[in-house]
Every structure is written in structure tokens, then in C-alpha cells.
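Quick notes on the structure that follows.
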Amino acid sequence: MSKPGPENPRHLHALHRANKWLRKVGEAEMAPFGLHPLQGYVMHMIYGAGEDGLPLSALANRLSVSPARVTHLIDDCERDGLAIRERDAEDRRVWRVKLTDKGRELHEILHPRHMAMEDWLVSCFSDEEFEQLSALLDRLVEHLKSRFGQAEDEE
């Protein structure tokens, strides 16, 4: 394999193009519902947390975004009646986010659509190819994190 450089820029370009198209797919999936793609993912994580909801800090870690970004995403979900923020009963410094009935109902619609989209997305790979791609991307993420000294829980 040749080394990337000015004469061979295709390495990062391929990742950039894949990321661009993944964003387009996510936007197309969420547009009919007036949601940003991350809002759908946020709803799925909150749904998975159950009745107790999820601390905002845990949500930021799982999404690999800043607490400020999570605040904006939850603001939008609250505005749309999909989620609410409540103080943690045991630690009043902690805010937990929970889905409303409307949010749970929308998740029930979105989740099967998302799973079908994921199935379609990876259908161009054999099982072995997808496992290899996943392992390579995981290795790339670990390599990137090592450069910036980030632990897993800081993602």
C-alpha cells in the first residue's frame, strides 16, 4: 500500500466521502419527522435507559459530543415534546433526561426504520467484510484517541 501524501490523497478522502454520505442518509431518514439525525440517536439511548432516564453527562459521553451540544439536542427534543429533563432524586446536581409518551411513541416508529436502514447500509458487505471493516475502524479510533490521550469514557 502506498503512503498517503499530496500525490495520493485518496485515503482520507475515502473516509470523508463515506462520512458525508452517512450524514446524508441520516438526514434523509430523520427529515420526515423534522429531526436532526443525532436527535434520533439521542432518543434511542434515552429509550434504552428505561424509566429512570439518562444523566446528561452520560449521554454526552456516549454520543462523543460536548455537554453543550447535548444541551442543545435536549433543548430541541423538549421543544418538540419528545423529552423532559428532571433533577436526579439522589443527586440534585445531576440532570436526567427521559422520553415523554410522545417521544416513546416516535421511537417505536423510528427504531424499526433505523434497523432496516442499517441492514441496507451494510448489505454491500459480506459478514466477514463487515467484521473486518468494523475491526479496522475500531483500530483507527483507538489510534486517534492515543494521539489525543483520550480514554474510552471521554469519547
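Bear in mind that the values in this text are calculations on the coordinates, not laboratory data. Here the structure is a predicted model, which is why all the values come from computation and not from measurement. When we count neighbours, we look across all protein chains shown, and the Cβ atoms used for this are built from the backbone with ideal geometry, even at glycine.
Tabulated data
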read-out: Segment 1-147, relative contact order in percent, only Cα pairs under 8 angstrom and at least six apart counted; value: 17
read-out: Selection of GluC sites (Glu not before Pro), segment 73-114, meeting DSSP coil and at most 10 other Cβ within 10 Å; value: GLU90
read-out: Chymotrypsin sites (Phe, Trp or Tyr not before Pro) restricted to segment 1-104 and DSSP loop, no more than 13 other C-beta within 10 Å; value: none
read-out: Cα-centre dipole for the chain with unit charges at Cβ (Lys and Arg positive, Asp and Glu negative), debye to 20; value: 700
read-out: Most positive-pole-ward Cα, VAL42, HIS16, LEU110, against dipole of segment 1-123 from beta carbon charges; value: HIS16
read-out: Bridge type composition, the chain - antiparallel percent by DSSP, nearest 5; value: 100
read-out: Estimated dipole of segment 32-114 in Debye, rounded to 20 [Cβ of Lys and Arg +1, of Asp and Glu -1, Cα centre]; value: 220
